[in-house]
Amino acid sequence: MATVKSPLLSQPGAVPAEGADDGVAAHYGDLFREQRALAEGAGLVDLSHRGVIAVTGDDRLGWLHLLLTQHVSELPVGVATEALILSAHGHIEHALYLVDDGSTVWAHVEPGSQGEIIAYLESMKFFYRVEVADRTGDFAVVHLPAGSIAEVPDGVVVRETAHGRDLFLPRADLESYALAQGPLAGILAYEALRVESHRPRVGFETDHRTIPHELGWIGTAVHLQKGCYRGQETVARVQNLGKPPRRLVFLHLDGSEVHLPVPGTPIRLAADGEDGRKLGFVTTSARHHELGPIALALVKRNVPVDAELMAGNTAAAQETVVEP
């Protein structure tokens, strides 16, 4: 699927992001200023590269309830939630960030993943009165940080959480609305705050065998009092009988290093040095305006919670995100 290029890339100082976030700006010339603005409740983040899915029809909530990990059959209008699609073995495939406006369930998803998600949903329609549509070409997601006093245009669907508001804005209005809100903040600032708040992201904190328990998605994206979704058996078995093999940790990285450890960088015990056994890997790293270099990582469950770690050649002090 072709990358959706944002018109905001033409703004002064805009530096294009790469990889999964291709299509929007990494930053607009001052990463830390952009982070501080978001932390203070100002500005806007362009997330217009993300996929947008709309589900309509009288059966939409009950039908999605059968397919997703979250309890959505009675989702109140305007209340945000998030949900996962798992494989038959309980591994995370997709995350959907949802809100229902009374007639349509809107979801934004990882860039380029909407086609695969829609194909799965279409295959499960059967006799249900639902319609699934890719609305990425018509709507752009923008993020207003928590505390923002920016006005939302009439008729725009809003998904509000503790971290801010995601707007499903008509794509034709993206540039004019964004420039009126200012200052613009790039995806690197948004990601640094995501890492700070320990929020996992599919394709970053996940690999082909990640299960929800490893990332702390139990409770926020997985409802343990419902069944009837693909992969539910694995979720129930781990919850009731076992323990996840890995756990998410937050890392404070040595600030004297010039380069951040890239995703996939091995995690080892500091006492064992570079020749030590690999105990995990970095998933996302970022430079934070107050905390300095930080990262999320997946490590084996039995790594001591007080162990000093090394991310490649960089010393790393861990904070527990998921209890062992």
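Values in this text are rule-based calculations from the coordinates and carry no lab data. Quick caveat: nothing in here was measured; it's all calculated off a predicted structure. Every residue, glycine as well, gets a Cβ built from its backbone with ideal geometry; the counts of neighbours run over all protein chains shown.
Just a few scattered comments:
- Whole-Hz ³J(HN,Hα) from phi, Karplus 6.51 cos²θ - 1.76 cosθ + 1.60, for region 62-74, glycine and proline x: x, 5, 4, 4, 6, 10, 9, 6, 9, 7, 10, 4, 10
- Relative contact order (%) - the chain, alpha-carbon pairs under 8 angstrom, separation at least six: 19
- Sequentially through region 212-217, phi angles give Karplus couplings (6.51, -1.76, 1.60; θ = phi - 60°) of x, 4, 5, 10, x, 7 Hz, Gly and Pro residues having no value and appearing as x.
- Spin-label model distance (nm) - K243 vs L224, 7 Å beyond Cα toward Cβ: 1.6
- Charged side chains reduced to their Cβ positions (Lys and Arg at +1, Asp and Glu at -1) give region 245-323 a dipole of some 420 debye around its Cα centre.
- For the pair A88 and L291, a Förster radius of 30 Å applied to the C-beta separation gives a FRET efficiency near 0.15, rounded to the nearest 0.05.
- Taking label points 7 Å from Cα along the Cα-to-Cβ direction, T3 and E233 give a separation of 4.1 nm.
- Annotation for region 268-324: trypsin sites (Lys or Arg not before Pro) lying in DSSP loop with at most 16 further Cβ atoms inside 10 Å of their Cβ are R277, K278, R301.
- Cβ-based net charge around S148, under 15 Å, with every Lys or Arg adding one and every Asp or Glu removing one: -3
- For G112, net neighbour charge (Lys/Arg +1, Asp/Glu -1) across residues whose Cβ lies under 12 Å away: -4
- Table column - 3J(HN,Hα) (Hz), region 228-245, Karplus curve with 6.51, -1.76, 1.60, x for Gly and Pro: 6, 10, 4, x, 4, 4, 5, 4, 5, 5, 5, 5, 9, 10, x, 9, x, x
- The residues packed around Q11, meaning those with a beta-carbon under 11 Å from its beta-carbon, carry a net charge of -2 if Lys and Arg are +1 and Asp and Glu are -1.
- Estimated from helical segments only, the mean residue ellipticity of the chain at 222 nm is -5000 deg cm²/dmol, where each DSSP H run of four or more residues counts as -39500 (n - 2.57).
- Between R33 and V158, the simple spin-label model (points 7 angstrom out along Cα→Cβ) gives 2.8 nm.
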